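Novice: One structure follows; several queries about it will come next.
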């Protein structure tokens, strides 16, 4: 899911015009890292911090390059300070055009200037100004309650303060081991391939399950996932390529991946997918008493030719009963019916909702207590909820697009205990 969020933002930030001059291409190749810094906002804060979320944003700025050398930090801060006004204006132009196309704002220079002012005054990315519709007064007044994509280093800073080891969640095999050790329902691991060799199991891996699912060992949100279906003595992927079962280990060893049984959706939500696995994302945070609290949730429904929920339809969920309230594409376009099946999305009651919330709260507190916040991906099956993975860099973009600022959730109180 974090990959899903960043893919939408990165596409906007990094889009290169057709017919770009060769000289600019030269500079991008030589100085692309420094050019990218122009999208991060100013490395300093101006004025007071009116909310806990604003203090969290200030922490993110202070700790962005904390592990780098002094010279790098100095050059990076200079690049961000000089580049942000240009990067923000360029993005504001494209966002202004997109808002006009969708009727979110009238034509004219006022919206552009307002977007640019907030970028310079508060380092609010124009992408999120457009997504959260800050041109509307009712939404704009809460601008200091939002967590923006360029604030995400603050999550890493909090985890480091608490002594978290990010490999516990980044390494999917290690995550599965921790879940198994603590008795939490999770997708079992059939095989692990790392750096060109099979590291689990100890015997040669020759699968016999009817369906397999592979995903990247260290990427987030199901990125790099692929489905394999038993076809006689071979397995066939979604592109029609057949590989003998005895040779499948050689195929998997070409990538760093985890092999798992393919998990099927509960029948209550299967009709609102394209057959690929829907992913329930629940964010939890640790309080001072060592308990994990619910922060936010959404469910991503796969559609089209996608093999996972990455870039899926995003749906808000009512905390009290697990009912889907509204849905949208990653660009914010509202959706009411699934485009493949025609099934209504609004009003679906998620099965095992309360059990899912309790599962991730218990897992966070018992197995990953040194992480300030975690974004859990959960599969809803006929047997109950199953942990897929968890992410320390879970993002905030889509949660806030659907349900408003994180500052209006438990995130505000929890982050005030850490900042």
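Here, each number is a calculation from the coordinates, and none is a lab measurement. Note that the structure is predicted; figures quoted are calculated from it, not measured. Cβ: placed from backbone, ideal geometry, glycine included. Neighbour counts: every protein chain shown.
Novice: Over the Cα atoms, compute the radius of gyration (one decimal) and Dmax (the largest Cα-Cα distance, rounded to a whole number) for the chain, in Å.
Specialist: When restricted to the Cα atoms of the chain, Rg and Dmax are 22.1, 67 Å.
Novice: Please rank 49, 148, fewest neighbouring Cβ atoms within 10 Å first, as an exposure proxy. Kindly include the intermediate steps, with their values, before the conclusion.
Specialist: On the way: 49 15, 148 23.
Least crowded to most crowded, the residues run 49, 148.
Novice: How would you rank 212, 118, going from fewest to most other Cβ atoms within 10 Å of each one's own Cβ? Could the numbers behind the result be given before it?
Specialist: Details: 212 23, 118 20.
In order of increasing Cβ crowding within 10 Å: 118, 212.
Novice: Tilt of helix 22-36 relative to the longest C-alpha principal axis of the chain, in degrees (0 to 90, nearest 10)?
Specialist: Value to nearest ten degrees: 80.
Novice: Right, here's the next one. How big is the Cα convex hull of region 191-261 in projection, averaged over all directions, in nm²?
Specialist: Working: hull surface 17.4 nm².
Averaged projected hull area, Cα only: 4.4 nm².
Novice: Hey, what angle do you get for helix 2-14 against the long axis of the chain, alpha-carbon based, 0 to 90 degrees rounded to 10?
Specialist: The angle comes out near 40 degrees.
Novice: Report the calculated FRET efficiency for residue 101 and residue 262 (r = Cβ-Cβ distance, R0 = 30 Å), to the nearest 0.05.
Specialist: On the way: r = 39 Å, r/R0 = 1.31.
The value I calculate is 0.15.
Novice: Something else: Could you give the angle, 0 to 90 degrees to the nearest 10, between helix 110-122's Cα long axis and the longest principal axis of the Cα atoms of the chain?
Specialist: Compared with the principal axis, the helix lies near 80 degrees.
Novice: Rounded to whole Å, give me the distance from the Cα center of region 98-169 to that of region 43-64.
Specialist: Rounded to whole Å, the Cα centres lie 13 Å apart.
Novice: Follow-up. Explain nothing, just the number: relative contact order of the chain, from Cα pairs under 8 Å at least 6 residues apart, as a whole percent. Kindly include the intermediate steps, with their values, before the conclusion.
Specialist: Values: 783 pairs, mean separation 75.8, N = 419.
Relative contact order of the chain: 18 percent.
Novice: Relative contact order, percent, of region 355-415 when contacts are C-alpha pairs under 8 Å separated by at least 6 residues?
Specialist: Details: 44 pairs, mean separation 14.4, N = 61.
Across region 355-415, relative contact order equals 24 percent.
Novice: In which sequence would 383, 355 go, from the one with the fewest C-beta neighbours within 10 Å to the one with the most?
Specialist: 383, 355
Novice: Hey, another quick one. What percent does the relative contact order of region 191-261 come to when contacts are Cα pairs within less than 8 Å and at least six residues apart?
Specialist: On the way: 130 pairs, mean separation 30.4, N = 71.
Across region 191-261, relative contact order equals 43 percent.
Novice: So what is the calculated 222 nm ellipticity per residue for the chain, using -39500 (n - 2.57) for each DSSP H run with n of 4 or more, over all residues, to the nearest 500 deg cm²/dmol? Each step should come with its number before you reach the end.
Specialist: Values: 15 runs with 159 residues, N = 419.
That calculation yields -11500 deg cm²/dmol at 222 nm.
Novice: In what sequence, highest mean first, do 389-401, 150-162 appear when ranked by Cβ atoms within 10 angstrom?
Specialist: Values: 389-401: 24.2, 150-162: 20.1.
Per-residue mean Cβ counts within 10 Å order the peptides as 389-401, 150-162.
Novice: In whole angstrom, how far apart do the alpha carbon centroids of region 244-270 and region 355-406 sit?
Specialist: 23
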